[in-house]
Amino acid sequence: MRRTFEWMIGLRYTRAKRRNRFVSFISATSIIGITLGVTALIVVISVMNGFQDELRERILGMTAHVTVSQQGGSLSDWPSVVDRVDRNPAVQAAAPYIQSEGMLSAGSAVSGAIIRGIRPELEKPVTDIGSHMKQGALEDLAPGEFGIVLGSALARSLGVGVGDKLMLISADVAVTPVGGMLRQRRFTVAGLFEVGMYEYDRGTAMIHLADAQALFRSGESVSGVRLKLDDIFSAPAVARDLNHRLGAPYVAQDWTRSNSNFFRAIQIERTVMFIILSLIVAVAAFNIVSTLVMLVTDKQGDIAILRTLGASPASIMMIFIITGVVIGLIGTLVGVGVGVLIAENIDVIVPWIENAVGIQFMPADVYYISEVPSRLEWNDVGLIGLMAFALSFLATLYPAWRASRVQPAQALRYE
C-alpha cells in the first residue's frame, strides 16, 4: 500500500498541472532534451563505428593482415616461409612482395612513390587491389615486360594513362666505373586502381616481382611475405604464434601494430565525441532539477497535508524521485527508439535529405567515402541509455531531499 501510494502520487505529478502550466512545459522540455541528446549520441557513435569499419576495410584492402619479414635484411628463402606459415589454420593465403621507394617521371611531371613488386596470381587472394582496378588488371603484369599499375591520383599527377610510357628511377645507387648512378628503367602503364584512400591512390605503384628483383638487384630475395587470415581480429594471436613457430631472425607483425597510430586516433576522436555529446544529455537531465524544484515549491501545501496524514520524509522523497525518474525514463526510451531507427536507416535518410535540399554532404571528388556509413552496436546503445537514466536519477536527489525537509506548519501558514 505504501509503495502504491508513492507511485500513484509520483506519476500524478508527471501529468499536466492545472495551476502551473509552466512546470509542465519545463518537464516537456526536459524530456525533449534527453530524447535529442540520446538520439544524437546513438546516431553519431553508430556513424563513427561505420567510418571506422569502412576505413579499416579500405586500409586492409591494400595492406596485409600479417607481414613476415627478416631482421636486418631481405627474405631469401620465402618459399619455405610460406610453407611454414600455411600450417597455421587461420592463414588463408600468402604472397611475397618487394617494397622500395622510387621516383616516377613522365615528360616534365615527376612524383615520388612507393614501388611494390608483387606476384599477381598470389597477390589477388591476399589483398582487394584486384577488385579496385579502374582500367586493366593485375594479371597484365607479366615478368620481363616491365608493366606498371598506378594509383588513379598518381596517374593524374603524372598525366599518363594505360599504354603510356614512364621512367622509374630507383632510390638505390648503382656503382659503375664512372661513379654512382641511379638505377632507372622505362615502364609501360598496364592498369590503374582506385581504393578510395588518397595515401595509396596518390603514392603507390605496382610492378611484377621479377621486374622488381631485376630493378633493385635483389636476386631471389623479397622484402617479406604478406598473409591474409580468416579473421582480421585474430591477427595479433596469429602473429604471436608465427613468431614462436618461425623464431629468429623472422618477425611477424600484424595490422593492429603497423596501423596502431591511425586507429588509436579514430578511437580517441570517438571517445571525445561521446564526451561532448554526453554534455547535451547531462544538461537536459539536470534540467529535471529545475523542474522538480519548481514542482516542490508549487506542491508545498500538498506535501504538508501528506506529512500531517502520516507520510514520512522518506515517502515524500520517494514521490519526487519517482516523478523525476519517470521524466528521464520517457526521454531515454524515446531517444533510444528514435536513435536506433535513424542509425539503422541512415543510408536511406541521408540521400533523401540530399535530394530534398539539393546538396551533397560528402562529394565523391572531395571525400574518399561519399556515403555516410553506420554500424549500430547494441552495447553502445545500452551504455548510452544507462548513462542517460543514471544522470536523470542523480538530478532528482536534491529536489526530492528538499521536498522531504518541508515543515508542515510553515508550509500551511499562508494556505
Working only within region 58-86, note down all residues that are open to solvent by 50 Å² or more (accessible area, probe 1.4 Å) and without any contact (Cβ under 8 Å) to a residue 12 or more places away in the chain. Asp77, Pro79, Asp83, Asp86
Please determine, by comparing only the residues of region 112-135 that are among the polar types (S, T, N, Q) and open to solvent by 60 Å² or more (accessible area, probe 1.4 Å), which one is modelled with the highest pLDDT. Gln135
Test: residue in region 168-175 that is modelled with pLDDT under 90, of a type outside the set (A, V, I, L, M) and open to solvent by less than 40 Å² (accessible area, probe 1.4 Å): yes
In region 176-214, residues that are open to solvent by 50 Å² or more (accessible area, probe 1.4 Å), acidic (Asp, Glu) and modelled with pLDDT of 85 or more total 1
With Ser27, Ser111, Ser100, Ser74 as the choices, which residue is farther than 30 Å from Glu139 by Cβ and not hydrophobic (A, V, I, L, M, F, W, C)? Ser27
Please go through region 291-328 and give me each residue that is surrounded by fewer than 18 Cβ atoms within 10 Å (Cβ to Cβ) and within 23 Å of Ile280 (Cα to Cα), ordered by number. Val293, Met294
Hey, any hits in region 294-313 for a residue that's of a type in the set (Gly, Ala, Ser), in contact with a helix residue (DSSP H, G or I) (Cβ under 9 Å, 6 or more places away or on another chain), under 30 Å from Asp380 (Cα atoms) and at pLDDT 80 or above? no
For region 209-232, what are the residues that are in contact (Cβ under 8 Å) with a residue 40 or more places away in the chain and hydrophobic (A, V, I, L, M, F, W, C)? Leu209, Ala210, Ala212, Leu215, Phe216, Val222, Val225, Leu227, Leu229, Ile232
Among the residues listed as Pro89, Pro96, the single one being surrounded by fewer than 16 Cβ atoms within 10 Å (Cβ to Cβ) and over 15 Å from Ala205 (Cα atoms): Pro89
Which condition from (1) modelled with pLDDT under 85; (2) outside any loop (DSSP other than H, G, I, E, B); (3) loosely packed, with under 13 Cβ neighbours inside 10 Å is the one that His244 breaks? (1)
Close pairs (6 angstrom Cβ cut-off, 6 or more residues apart or separate chains): under 30 Å from Met317 (Cβ atoms) and open to solvent by 60 Å² or more (accessible area, probe 1.4 Å) in region 271-290, in a helix (DSSP H, G or I) and not charged (D, E, K, R) anywhere: Ile280/Gly37; Phe286/Ala395
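The values are calculated or read from the model by the stated rules, or taken from the named source; none is laboratory data. Model, not experiment: these values are computed from the prediction. No Cβ is skipped: glycine too gets one built from the backbone with ideal geometry, and neighbour counts run over all protein chains shown. Side chains are part of the model used for accessible areas, which takes the heavy atoms of the whole protein and leaves out ligands, DNA and RNA. Shrake-Rupley method; radii C 1.70, N 1.55, O 1.52, S 1.80 Å.
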